[in-house]
Amino acid sequence: MGRTTVTNQALTPGDPRRTIHFVLGRVVARRMGGDTPVGDDDGDSLLAWSASRDDPDSRRSYAVQVSGAWVFLGFAFVVAMVLSVPIKSLAGDVTGNGFLTACLTATMFCIAGCANVLWRMYYYVPVAKRLARRGQTHSEAYAAAMRRTLPRNTSLIFQTAIAILTVILAL
């Protein structure tokens, strides 16, 4: 079996800008004024640049921004839960409890997204850093670790399962 050479495509297969994690991170970062557009060479923003770089520190920065975006969105749903009190008094207990359950479900969905990003940041980024310190940046193990540092849309399956479990437990 021949050894394959590691390319930039092997380090970042697909476009990380086409994930829900990137979109959410960019929206929150732009609202907070932290993601400014850059030139046309590496993407449309600082977040896209850090997601496409092949160095573990940039991936850590990307993961911090994206996990912060998930936390921010989850906190927004927690704050929205306060609206269930006036909704209960205006539209009844069933409507208020339904709104409260929907906000709780959305919060848990966001927490699961944050957990996925943090797991990748705290597990795969150190692996990639260790391999880089050893000078193994051209190895397949380094490429695999770098690929795994980026959260993918497949995490939505886990997040949806957590949301469904939350609905079942809340009802």
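Throughout, read-outs are computed from the coordinates displayed, never taken from laboratory work. The structure presented is a predicted model; accordingly, all values stated were derived computationally and were not measured. Neighbour counts are summed over all protein chains in view; Cβ atoms, including those assigned to glycine, are modelled from backbone coordinates with ideal geometry.
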To the nearest 0.05, the calculated FRET efficiency linking Arg31 and Arg133 through their beta-carbon distance, R0 being 45 Å, is 0.80
Tell me, what HN-Hα J-couplings in whole Hz come from the Karplus equation 6.51 cos²θ - 1.76 cosθ + 1.60 at θ = phi - 60° for each residue of region 116-123, using x for Gly and Pro?
4, 5, 5, 4, 5, 5, 7, 9
Set the Förster distance to 45 Å, then compute FRET efficiency between Leu83 and Ala144 from the Cβ-Cβ distance, nearest 0.05.
0.50
Once the Cα atoms of helix 140-149 and of the chain are each reduced to a long axis, what angle between those two axes, in degrees from 0 to 90 to the nearest 10, is obtained?
20 degrees
Which log10 I(q)/I(0) values, to two decimals, does region 49-102 give at q = 0.24, 0.29 Å⁻¹ under the Debye formula with one point per Cα?
-0.83, -0.97
Highest mean first, how do 17-25, 126-134 rank when packing is the count of other Cβ atoms within 10 Å averaged over residues?
17-25, 126-134
Would you mind putting 145-157, 88-100 in packing order, based on average other-beta-carbon counts within 10 Å, highest first?
145-157, 88-100
Per residue and in cubic angstrom, what volume does the convex hull of the Cα atoms of region 65-130 have?
51 Å³
Of [x] 33.8, 137; [y] 19.3, 70; [z] 20.3, 66, which is the value of Rg and Dmax of the Cα atoms in Å derived from the coordinates here?
[y]
